[in-house]
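Student: One structure follows; several queries about it will come next.
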Amino acid sequence: MFDRILPYLLAGISVGGQYALIAVGYTMVYGILRLINFAHGDIFTAAGFFMVYFAAAMPLYVAAPLVVVATVLLGFVVERVAYKPLRSAPRMSIMISAIGVSYLLQNLMWYVTGGLAKQYPVLPWISEQITIGPASTKMATVVTPVITVLLVVALVMLIKHTKIGMAMRAVSRDFETAQLMGIKINSVISMTFVIGSFLAAIGSMLYFSNYTTVTPTIGAMPGLKAFVAAVFGGIGSIPGAVIGAMLIGICENVIKAVGYTTFSDAFTFALLIVVLVFKPTGLFGEKTSEKV
Amino acid sequence: MSLLKVTDLRVSYGGIEALRGISFDVEQGQIVTLIGANGAGKSTTLRAIAGLVKPAGGSIVFEGRDITTMDPQKVVASGIAMVPEGRRVFDNLTVHENLRIGAYLRKDETSIREDIDRVYELFPRLRERHWQLAGTLSGGEQQMLAVGRAMMTRPKLLMMDEPSLGLAPLIVKDIFAIIRRLSDSGITILLIEQNANAALRCANVGYVLETGNITMSGTGSQLLSDQRVRDAYLGTR
């Protein structure tokens, strides 16, 4: 039994880690702007295409860092162009702008690729096959949870113990008073998009190394699941997003292991509904008590 | 030369004029108070000076520099701090972090530490609770923290928006005692208050604001003894 489950468990932890890297981007942006950044999944997909094109033009050790830089830049530009001008607009406007950016990016990717699936390059080392006991898997499966934990711990330290982290926490609570402290809120907001896109870029390398090709809509499903993970864990909470993502990754793979593959996606969304019904703030969601 | 000179300041919110051209001066070292009813434009005045709302007209000059359309973070950097209405401490930050964030623009680590110590000396309750989240403090303690946080910017001018609002009478007395102490230490204070009696008692100069206009001005004691002020704001007949 265990022998049969183990590969799925490993895959679950790994996929969970990849969801987590995306989910942190959703949850951080929500924490500061109270915005669901619908374009985040497409930024993740774009990172996949950056790798396809960059790896074709230059050696991987140049291409990989460049993918991270390009993804971060994309996240930064999206915020400046599509969200910043709407800072004082009603929340609905900025949400619609996010949906618009999502479709824009998707269609740009259709345009550039001509709608053809592109071969994702084989990354050395993390694409290698390894065997753990009875399970044979890719190195990425083992590396992902380690990288995820390291990055998330680093992020939490940044937020808890640095000046910019303190500013981020302050801005997430009160724009106006943060400005009265001399904090440039636009820089702080840009910073959250930079961090979110950075993690999505890392996540994309780990995620796509499990697949052979990238298509413009391939990021939609992991993006959506990462979003569910963020809500499940309590949107706004970084540890919540990570734990939510891990649970979703493991559960959907265990469901595959017991033979209900067809239902594995349905499970994720059923979980979302159940969580929202019984605990609207998610596992670690903050109570939003209005103080007088 | 006045420390702060406001001339013909006008502010509108979506076509409605909240300030219809007010002018007043704040001299170095004084406590100046603006009194008036709800909606008279007191908060708007402070928010315009702080850079949180952009004036439709008029000018704000601080230490001879025009700050009329300056961004809030530049206004802070130039030496104006604000204790916002309702305290607005960062309830998800500790007491200590709230003070540190007041010093956000400062780089002089040793003097930041000294200033934090000074705030703790002024408010021993904050030292006892320095590790607690600010959201767990009582209203009076939060007000002290908001004042301490503003002090951390090393202001030349401290603006306070309704510091006594919603606090118990005993705490209100403390707050006004603190305002006097800050003033004695050389900080210029611009205070707005609904508690006109207490505000005028500690102020050197007062202005009465009515529906966006300044209708009266004088020293604190002049206004205190003025029959119209007494009728309208002091509730003594």
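Student: Taking only Cα atoms and a 10 Å spring cutoff, compute GNM fluctuations for chain B and point out the largest among B:ARG127, B:ARG154, B:ARG87.
Tutor: For chain B, modelled as a Gaussian network with Cα springs under 10 Å, the answer is B:ARG127.
Student: Sticking with this one: Let me check the size of chain A from its C-alpha atoms; what are the radius of gyration and Dmax in Å?
Tutor: Looking at chain A, its Cα Rg and Dmax stand at 19.0, 61 Å.
Student: Where in the range B:193-231 does the label zone of B:LYS173 land, with the point 7 angstrom along Cα→C-beta and an amide N cut-off under 15 Å?
Tutor: Residues passing the 15 Å test: B:198.
Student: Next up: Take the alpha carbon atoms of the protein assembly as shown, find their radius of gyration, then divide it by 2.2 N^0.38 Å using N residues; give the quotient.
Tutor: 1.18
Student: Where the only charges are on Cβ atoms (+1 Lys, Arg; -1 Asp, Glu), what is the dipole of chain B about its Cα centre, to the nearest 20 debye?
Tutor: That gives a dipole near 60 debye.
Student: Moving on to the next point. Find me the longest stretch of chain A that has none of the exposed trypsin sites (Lys or Arg not before Pro), where exposed means in a DSSP loop (not H, G, I, E or B) with at most 12 other Cβ atoms within 10 Å.
Tutor: It runs A:88-286.
Student: Could you give me the ³J(HN,Hα) list for the range A:9-22, computed from phi with Karplus coefficients 6.51, -1.76, 1.60 and θ = phi - 60°, whole Hz, x at Gly and Pro?
Tutor: Rounded to whole hertz, the list is 4, 4, 4, x, 5, 5, 4, x, x, 5, 4, 4, 4, 7.
Student: Cα extents of the range B:4-234 along the three principal axes, largest first, in whole Å?
Tutor: 46, 37, 32
Student: Here is a follow-up. Could you line up A:SER187, B:SER217 from fewest to most neighbouring Cβ atoms inside 10 Å? Working shown, then result.
Tutor: On the way: A:SER187 12, B:SER217 17.
Ranked by crowding around the Cβ, least crowded first: A:SER187, B:SER217.
Student: What list of ³J(HN,Hα) couplings, whole Hz, do you get for the range A:147-161 from phi and the Karplus terms 6.51, -1.76, 1.60, once you set θ to phi - 60° and write x for glycine and proline?
Tutor: After applying 6.51 cos²θ - 1.76 cosθ + 1.60, I find 4, 4, 4, 4, 5, 5, 4, 4, 5, 5, 4, 4, 6, 7, 10 Hz.
Student: What residue among A:MET221, A:ALA266, A:THR177 has its Cα farthest toward the positive end of the dipole of the range A:2-278, where the charges are +1 on Lys, Arg and -1 on Asp, Glu, each on the Cβ?
Tutor: Checked the options; the winner is A:THR177.
Student: Something else now. Suppose the chain between A:ILE5 and A:THR262 were pulled fully straight at 0.36 nm per residue; how much longer would it get relative to their current alpha carbon spacing?
Tutor: 90.8 nm
Student: State, to one decimal in nm, how far the label point of A:ALA154 lies from the label point of A:LEU66, with both points 7 Å from Cα in the Cβ direction.
Tutor: 2.2 nm
Student: Compute the signed sum of charges (Lys and Arg +1, Asp and Glu -1) over the other residues within less than 11 Å, Cβ to Cβ, of B:ALA81. Could the numbers behind the result be given before it?
Tutor: Values: positive: B:ARG149, B:ARG154, B:LYS156; negative: none.
Every neighbour counted, the sum reads +3.
Student: Additional query: In nm, to one decimal, how far is the A:SER88 label point from the B:THR7 one, both placed 7 Å along Cα→Cβ?
Tutor: Between A:SER88 and B:THR7, the simple spin-label model gives 2.5 nm.
Student: Work out which helices of chain B, taken as complete DSSP H runs, extend at least 15 Å along their axis over the Cα atoms and score a mean Kyte-Doolittle of -0.5 or more, then list them.
Tutor: Going by DSSP H runs, the hits are B:139-151, B:169-184.
Student: Roughly what % antiparallel, to the nearest 5, for the DSSP beta bridges in the protein assembly as shown?
Tutor: Percent antiparallel among DSSP bridges in the protein assembly as shown is about 60.
Student: Further, regarding this structure: Which longest run of chain A has no exposed loop site in it, a site being GluC sites (Glu not before Pro) in a DSSP loop with at most 13 other beta carbons within 10 Å, and the site itself not part of the run?
Tutor: Answer - A:129-289.
Student: From the phi angles alone, apply the Karplus equation (6.51, -1.76, 1.60; θ = phi - 60°) to the range B:206-217 and give each ³J(HN,Hα) in whole Hz, x where the residue is Gly or Pro.
Tutor: Residue by residue, the range B:206-217 yields x, 10, 9, 10, 10, 5, x, 10, 8, 9, 7, 8 Hz.
Student: Right, something else. For A:ALA220 paired with A:TRP125, estimate the spin-label separation in nm (one decimal), with each label point 7 Å from Cα along the Cα-to-Cβ line.
Tutor: About 3.5 nm separates the two model spin labels.
Student: At q = 0.17, 0.18, 0.22 Å⁻¹, what is the base-10 log of I(q)/I(0) for the range B:129-206 according to the Debye formula with one equal point scatterer per Cα and no solvent? Please give it to two decimals.
Tutor: Each listed q corresponds, in turn, to -0.66, -0.74, -1.08.
None of the figures in this text is laboratory data; all of them are computed from the coordinates on show. Only a predicted model underlies this, so the values are computations on that prediction, with no experimental measurement involved. Cβ sites come from the backbone with ideal geometry, for glycine too, and all protein chains shown count toward neighbours.
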